[in-house]
Amino acid sequence: MSIADAGLTPAEIAQSTVTPAKPQLPPGVVTEGPLVQAKLRESYLLLGILYVGAVAGIIWAITQGVGKVELFTFAWMFALTTFGIGAGMHRLFVHRSFRTGPIMRVFFCAIAQMAVQGSIAKWVANHRRHHLYADDVGDPHSPQFDGFGNRYVSAFKGFLHAQGSWVFDQATTDNEYYAKDILADPIAMFFVRTRWVWYGMSAVFIPGVVGYTFGGVHSMIGCVLFSGLLRAYLLILTSQLTGSVCHAYGYRRFEVDDASTNEFVTTILTFGEGLHNNHHRFPRDAYISHAWWEIDLNGLIILGMEKIGLVHDVFHASHRQLELASEADAQAATTAR
Ligand SMILES: [Zn+2]
Ligand SMILES: [Zn+2]
């Protein structure tokens, strides 16, 4: 039976024959082949282990209870890896907000990989793409567009994509395109190659050794499940809040082109990363608070490290003035044209 036979109006026939144009993804986005397979392998393996471990951690805490050793290990390891992802992975490796000597670079690489959120190269590449195409076609984890550039109709589905399911989609970022500097850095690449060792150190070995040393075998199991695996999974959830909550809810200090916001709870949980609208406006700032009540703990620690000489060339607000001036010059030049 032809369409004409089905009794459709000419408008309906036209609609039925027009296929919507596929969104054009920007360069550096890969949607098939070995890079996609590698992404999916790592996502399923890593998150599979963490899901099982996190559930086991909750069951252990309920049935066996957790004592001081487990709670203390949870707290300091959560703090260390939150700083690792925020100050190390994000501000140092992605945005180059400050510089370090080789020993501190090793330290920041270690704590960044210990956050158990993929390799430094992949994280950097994804996040640079996020800034370049924030809340537009090409953003790897926007609540508004999926990995292929299709707009979300459901705000809830968009939120879930940004909060975590983007790591399971068939789109990935080409590290060669977005993270050439990391690929050329022998220190960072050593940690990229040995990342599973650092995942294991963070989620299993260090909490296990601390638990055994201070509380014996029972504490060792409690520390691995509760302070290691559950904590690593919770850290992924809090980190992703900057991509989901901070691109949908909260307040905006700056009217930028994307939907980024500052949000109080995320700011506390991530040690400052929730000041995400400030960050999208001035991505290179090492300290991203713009008011006394915007508490940027990661930034304060970086400033403290600068004072005692552990890091240097910290990108301050004074540099930002220069950035603003050059932006104004560029705008004036465009207007004059
Ligand atoms: Zn963002
Ligand atoms: Zn950023």
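Filtered by the rule that a residue be touching a helix residue (DSSP H, G or I) at 6+ places or on another chain (Cβ under 6 Å) and not in a helix (DSSP H, G or I), region 148-164 gives Y152, G164. All conditions but one from (1) at pLDDT 95 or above; (2) on the phi < 0 side of the Ramachandran plot apply to R96; the one that does not is (2).
Out of the residues in region 254-283 meeting the condition of being of a type in the set (D, E, K, R) and within 14 Å of ligand 1 (Cβ to nearest atom), tell me which one is nearest to M305 (Cα to Cα). Steps first, answer last, please.
Taking region 254-283 and keeping what is of a type in the set (D, E, K, R), we get 255, 257-258, 263, 273, 281.
Filter again for within 14 Å of ligand 1 (Cβ to nearest atom), leaving 257-258, 263, 273, 281.
Values: D257: 33, D258: 32, E263: 26, E273: 18, R281: 24 Å.
That would be E273.
Of all residues in region 299-308, none are within 12 Å of ligand 2 (Cβ to nearest atom) and either outside any helix (DSSP H, G or I) or surrounded by 18 or more Cβ atoms within 10 Å (Cβ to Cβ) (or both).
Can you tell me which residue within region 222-257, out of those that are part of a loop (DSSP other than H, G, I, E, B) and of a type outside the set (G, A, S), is surrounded by the fewest Cβ atoms within 10 Å (Cβ to Cβ)?
Quick first cut of region 222-257, residues part of a loop (DSSP other than H, G, I, E, B) only: 248-250, 252-257.
Pick out the ones that are also of a type outside the set (G, A, S) and you get 249, 252-257.
On the way: Y249: 15, R252: 15, R253: 15, F254: 13, E255: 7, V256: 15, D257: 9.
Applying the filter and picking the extreme gives E255.
For region 258-277, a tally of residues being more than 11 Å from ligand 2 (Cβ to nearest atom), in contact with a strand residue (DSSP E or B) (Cβ under 8 Å, 6 or more places away or on another chain) and part of a helix (DSSP H, G or I) returns 2. Residues in region 90-120 that are within 16 Å of ligand 2 (Cβ to nearest atom), over 11 Å from A286 (Cβ atoms) and under 15 Å from the mean Cα position of the chain (by Cα): F93, V94, A112, A115, Q117, G118, I120. Filtered by the rule that a residue be within 16 Å of ligand 1 (Cβ to nearest atom), farther than 14 Å from I182 by Cβ and in a helix (DSSP H, G or I), region 71-100 gives I85, G86, R91.
Filtered by the rule that a residue be more than 12 Å from ligand 2 (Cβ to nearest atom), part of a helix (DSSP H, G or I) and over 13 Å from the mean Cα position of the chain (by Cα), region 121-138 gives no residues.
Among the criteria (1) in a helix (DSSP H, G or I); (2) more than 16 Å from ligand 1 (Cβ to nearest atom), the one A115 does not fulfil is (1). If I ask for residues that are within 16 Å of ligand 2 (Cβ to nearest atom) and closer than 12 Å to G86 by Cα, which ones from region 280-298 would you list? Residues satisfying the conditions are A286, Y287, I288, D296, N298. Looking at the structure I just gave you, is V167 without any contact (Cβ under 8 Å) to a residue 60 or more places away in the chain, part of a helix (DSSP H, G or I) and within 19 Å of L45 (Cβ to Cβ)? No: the conditions fail for V167.
The values are calculated or read from the model by the stated rules, or taken from the named source; none is laboratory data. Keep in mind that this is a model prediction, so the values were computed, not measured. Note: ideal-geometry Cβ built from the backbone for every residue, glycine included; neighbour counts use all protein chains shown.
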